[in-house]
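K.L.:
Below is the structure I would like to discuss, written out as structure tokens.
The values are calculated or read from the model by the stated rules, or taken from the named source; none is laboratory data. Keep in mind that this is a model prediction, so the values were computed, not measured. We place every Cβ from the backbone using ideal geometry, glycine too, and count neighbours over all the protein chains shown.
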Amino acid sequence: MNKKNVLITGGAGFIGSNLVSAFMNDQRIGVVRVLDNFSTDYKRNIEEFVTHKNFEFIEGDVCDLKLCNRVCKDMHLISHQAALGSVPRSIKEPLLTNEVNVGGTLNIFNAAVNNNIEKVVFAASSSTYGDSEGLPKIEEKIGAPLSPYAVTKYVNELYADVFSKTYDFKYIGLRYFNVFGPKQDPNGAYAAVIPLFFKAALDNVSPNINGDGSYSRDFTYIDNVVSANLCALFSDNQQSNNQIYNVACGRRTDLNELWSTIKNVSGASVHSLHGPNRIGDIPHSLASVEKAKRLLSYEVKVNVSEGLERAYKWYKSNN
């Protein structure tokens with residue numbers, strides 16, 4: 001079997017480092033090369049791999065086009081995860097968000113064409129659905145973006161489509177829905193809700209919930225995202241290419257239910273505090289994963305409750 005060399009951009013991040021771990025143990029993959037500038041990611045996430053003979057690390061930025069071309073050399077596949085995440089951060093820093101998410105992605109797409117990359121799988125986002133109120137979310141039906149971050153993620157999808165029609169470029173975009181799990185940082189101004197809740201539970205302090213807690217999300221454990229990426233990279237179904245897919249569990253959990261579950265898992269006794277709704281947030285999100293099941297053979301491997309139990313064990317051991 002001819003093994004494929006894979007470049008992971010943002011490989012020191014939460015999702016990226018979990019992909020590295022899986023890719024290093026996949027017999028279909030040869031060299032795993034990571035590009036990361038550590039602007040929001042951590043060296044500790046990839047420390048366990050640095051001595052492995054099939055692991056390569058290059059510190060650098062996707063905004064550097066020359067570097068993007070260089071790191072794509074001798075690669076067969078690209079897993080593009082590098083991005084400046086967070087809706088609130090994009091509202092505070094729209095120019096930087098655009099530079100990284102749009103400019104950096106365009107650099108990777110261009111480098112992929114220049115280096116004859118077989119396929120690019122990139123991290124899209126459920127934020128693309130914007131003000132669309134219909135549930136569950138179907139890939140072909142989106143609304144208007146509600147944040148600069150959402151705009152950048154939609155633009156990436158548009159560029160991927162244009163590149164596929166203009167150049168020898170094959171892609172799959174994965175719209176992640178509220179991913180959580182090990183290595184997701186609870187610290188920092190833009191930490192996601194689940195690591196923040198686990199930090200509060202372990203410290204036995206009241207977490208802050210935006211709004212009355214009725215807002216709901218399709219929380220998705222990291223193993224499902226890893227599985228979807230592998231399915232996308234190695235799909236032999238030609239109809240699966242040049243498409244966008246939801247990656248989720250297909251189940252909606254509101255914030256009050258989420259905190260209640262984390263309290264039960266952790267044994268915390270404190271009650272939550274409530275504040276105003278966050279600018280740019282949509283009230284509800286729920287994915288249809290039928291397209292991914294049909295064309296990528298995607299399966300939900302870990303449900304939300306099991307994922308929260310696994311995540312708690314990791315946070316507890318790393319607290």
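K.L.:
If we scan the range 169-176, do we find a residue that is at pLDDT 95 or above, surrounded by fewer than 23 Cβ atoms within 10 Å (Cβ to Cβ) and charged (D, E, K, R)?
P.N.:
Yes, the range 169-176 contains a residue that is at pLDDT 95 or above, surrounded by fewer than 23 Cβ atoms within 10 Å (Cβ to Cβ) and charged (D, E, K, R).
K.L.:
Further question: With the requirement that a residue be touching a strand residue (DSSP E or B) at 6+ places or on another chain (Cβ under 8 Å) and closer than 13 Å to LEU67 by Cβ, what does the range 105-115 give you? Show your work before the answer.
P.N.:
Keep residues of the range 105-115 that are touching a strand residue (DSSP E or B) at 6+ places or on another chain (Cβ under 8 Å), which gives 105, 108-109, 112.
Once the filter is applied, which keeps residues that are touching a strand residue (DSSP E or B) at 6+ places or on another chain (Cβ under 8 Å) and closer than 13 Å to LEU67 by Cβ, the range 105-115 yields only ILE108.
K.L.:
A follow-up question, please. Mind listing whichever residues of the range 218-253 are among the charged types (D, E, K, R) and out of contact with any helix residue (DSSP H, G or I) (no Cβ under 8 Å at 6 or more places or on another chain)? Explain how you work it out, then say what you get.
P.N.:
Keep residues of the range 218-253 that are among the charged types (D, E, K, R), which gives 218, 223, 236, 251-252.
Within the range 218-253, ASP236, ARG252 meet the criteria.
K.L.:
How many residues are surrounded by fewer than 17 Cβ atoms within 10 Å (Cβ to Cβ) and either part of a loop (DSSP other than H, G, I, E, B) or touching a Gly at 6+ places or on another chain (Cβ under 8 Å) (or both) if we restrict to the range 27-47?
P.N.:
Number satisfying all stated conditions: 5.
K.L.:
Within the range 257-273, does at least one residue satisfy the condition of being surrounded by 15 or more Cβ atoms within 10 Å (Cβ to Cβ), of a type outside the set (A, V, I, L, M) and under 21 Å from the mean Cα position of the chain (by Cα)?
P.N.:
Within the range 257-273 (the criterion being surrounded by 15 or more Cβ atoms within 10 Å (Cβ to Cβ), of a type outside the set (A, V, I, L, M) and under 21 Å from the mean Cα position of the chain (by Cα)), the answer is no, since none of the residues qualifies.
K.L.:
Another one. Applying the selection to the range 151-195, what residues are in a helix (DSSP H, G or I), without any contact (Cβ under 8 Å) to a residue 12 or more places away in the chain and either more than 19 Å from GLY103 (Cα to Cα) or not aliphatic (A, V, I, L, M) (or both)?
P.N.:
Hits for the range 151-195 are LYS165, THR166.
K.L.:
Restricting attention to the range 190-225, and to residues there that are under 21 Å from the mean Cα position of the chain (by Cα) and hydroxyl-bearing (Ser, Thr, Tyr), which single residue is nearest to SER317 (Cα to Cα)?
P.N.:
Among those residues, the one meeting the criterion is TYR221.
K.L.:
To continue, here is another question. Condition first: at positive phi and of a type in the set (A, V, I, L, M, F, W, C). Now tell me which residues in the range 2-49 satisfy that.
P.N.:
Residues of the range 2-49 at positive phi: 10, 38.
Once the filter is applied, which keeps residues that are at positive phi and of a type in the set (A, V, I, L, M, F, W, C), the range 2-49 yields only PHE38.
K.L.:
Let me ask another. Could you tell me which of the residues ASN107, ASN101 is crowded, with 19+ Cβ neighbours inside 10 Å, closer than 27 Å to LEU230 by Cα and more than 14 Å from the chain's Cα centre (by Cα)?
P.N.:
ASN107
Residues are listed down the side, and each one gets a yes or a no for (1) modelled with pLDDT under 95; (2) farther than 19 Å from SER132 by Cα; (3) touching an Asp or Glu at 6+ places or on another chain (Cβ under 8 Å); (4) among the aliphatic types (A, V, I, L, M):
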residue	(1), (2), (3), (4)
ASN246	no, no, yes, no
ARG252	no, no, yes, no
TRP259	no, yes, no, no
LYS263	no, yes, no, no
SER266	no, yes, no, no
ASN277	yes, no, no, no
LYS291	no, no, yes, no
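To keep it simple, each residue is scored yes or no on (1) surrounded by fewer than 20 Cβ atoms within 10 Å (Cβ to Cβ); (2) more than 23 Å from LYS301 (Cβ to Cβ).
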residue: ALA150; (1), (2): no, yes
residue: LYS199; (1), (2): yes, yes
residue: PRO207; (1), (2): no, yes
residue: VAL225; (1), (2): no, no
residue: ASP236; (1), (2): yes, no
residue: GLY250; (1), (2): yes, no
